[in-house]
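Please read the structure below before turning to the comments.
The values are calculated or read from the model by the stated rules, or taken from the named source; none is laboratory data. Bear in mind that the values here come from a model prediction, so they are computed numbers and not experimental data. Don't worry about glycine lacking a Cβ; one is built from the backbone with ideal geometry, like all the others, and counts go over all protein chains shown.
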Amino acid sequence: NAGVTQTPKFQVLKTGQSMTLQCAQDMNHEYMSWYRQDPGMGLRLIHYSVGAGITDQGEVPNGYNVSRSTTEDFPLRLLSAAPSQTSVYFCASSLTGVNEKLFFGSGTQLSVL
Amino acid sequence: SQQGEEDPQALSIQEGENATMNCSYKTSINNLQWYRQNSGRGLVHLILIRSNEREKHSGRLRVTLDTSKKSSSLLITASRAADTASYFCAARGSARQLTFGSGTQLTVLP
């Protein structure tokens with residue numbers, strides 16, 4: 001099993017550019033979420049989904065959009081990248097809930113210049 | 001605001017010793033989880049303890065929860081070099097969101 005797959009692993013953007021971080025899971029998990037990890041701050045929840053067609057905001061949603069058209073995929077879109085969005089982004093999925101036993105992808109290191 | 005806060009921020013021990021990390025949280029919780037993160041990798045779930053549980057074991061891991069003190073501890077017994085990683089606690093409060101602490105960096109010296 002591949003588990004949770006994130007692409008790309010590294011990305012450099014210029015301020016104002018847009019891009020989509022991809023996340024796919026093959027475990028048939030209903031629950032998926034996006035986190036960002038900044039030095040010394042732990043992980044912060046950006047958006048989450050409890051099933052196809054259902055998404056909701058987390059702690060730091062501004063500047064990001066998500067959609068969930070299938071159970072497998074949960075892409076994260078940066079609408080107009082800003083230097084404050086430089087971070088490591090993790091996608092996670094769960095069988096039992098967005099706050100229960102999360103399976104994480106390997107992350108995307110994003111730099112916004 | 002961070003629900004979980006780990007202590008210490010960094011811990012260095014010799015192989016074979018026990019490692020203890022602590023986590024404090026602010027509000028009442030439904031469950032508390034511990035995750036491990038190796039350098040440059042995603043987080044890996046270690047153990048989940050619910051608010052009505054006081055202690056849980058998994059292999060060399062022992063987690064305790066004291067809801068009266070709003071704290072949890074993770075004990076790793078007989079540490080190995082492969083245990084070198086960052087360890088995070090994550091607490092689920094009344095909201096759906098899981099809130100992570102900033103982590104303890106554990107270094108196990110061979």
Exception for residue B:26 within (1) closer than 25 Å to residue A:106 by Cβ; (2) modelled with pLDDT under 95 falls at (1)
What residue, of A:63, A:40, A:107, A:53, is in contact with a helix residue (DSSP H, G or I) (Cβ under 8 Å, 6 or more places away or on another chain) and on the phi > 0 side of the Ramachandran plot? A:63
Is it the case, given these coordinates, that residue A:72 is touching a Ser or Thr at 6+ places or on another chain (Cβ under 7 Å) and either surrounded by 14 or more Cβ atoms within 10 Å (Cβ to Cβ) or more than 24 Å from residue B:47 (Cβ to Cβ) (or both)? no
Looking at (1) within 14 Å of chain B (Cβ to nearest Cβ); (2) in contact (Cβ under 8 Å) with a residue 40 or more places away in the chain, can you tell me which one residue A:61 breaks? (2)
What number of residues within segment B:26-76 satisfy the criterion of being polar (S, T, N, Q), out of contact with any Phe, Trp or Tyr (no Cβ under 9 Å at 6 or more places or on another chain) and in a strand (DSSP E or B)? 4
Please count how many residues of segment A:80-113 are assigned to a loop (DSSP other than H, G, I, E, B) and within 14 Å of chain B (Cβ to nearest Cβ). 11
Would you pick out the residues in segment A:14-28 that are surrounded by fewer than 19 Cβ atoms within 10 Å (Cβ to Cβ) and either of a type outside the set (Gly, Ala, Ser) or modelled with pLDDT under 95 (or both)? A:14, A:15, A:17, A:19, A:20, A:22, A:26, A:27, A:28
Among the candidates B:11, B:43, B:48, B:32, single out the residue that is away from chain A (no Cβ under 14 Å), under 30 Å from residue A:6 (Cβ atoms), among the hydrophobic types (A, V, I, L, M, F, W, C) and surrounded by 13 or more Cβ atoms within 10 Å (Cβ to Cβ). B:11
Within segment A:30-47, residues more than 10 Å from every other protein chain (Cβ to nearest Cβ) and surrounded by fewer than 19 Cβ atoms within 10 Å (Cβ to Cβ) come out as A:30
State whether one or more residues within segment A:69-79 are at negative phi, at the interface with another protein chain (Cβ under 9 Å from one of its Cβ atoms), in contact with a strand residue (DSSP E or B) (Cβ under 6 Å, 6 or more places away or on another chain) and in a loop (DSSP other than H, G, I, E, B). no
Can you spot a residue in segment A:74-83 that is free of Cβ contacts under 8 Å to residues at least 40 places away in the same chain and hydroxyl-bearing (Ser, Thr, Tyr)? no
All but one of (1) under 12 Å from the mean Cα position of the chain (by Cα); (2) closer than 15 Å to residue A:43 by Cβ hold for residue B:75; which doesn't? (2)
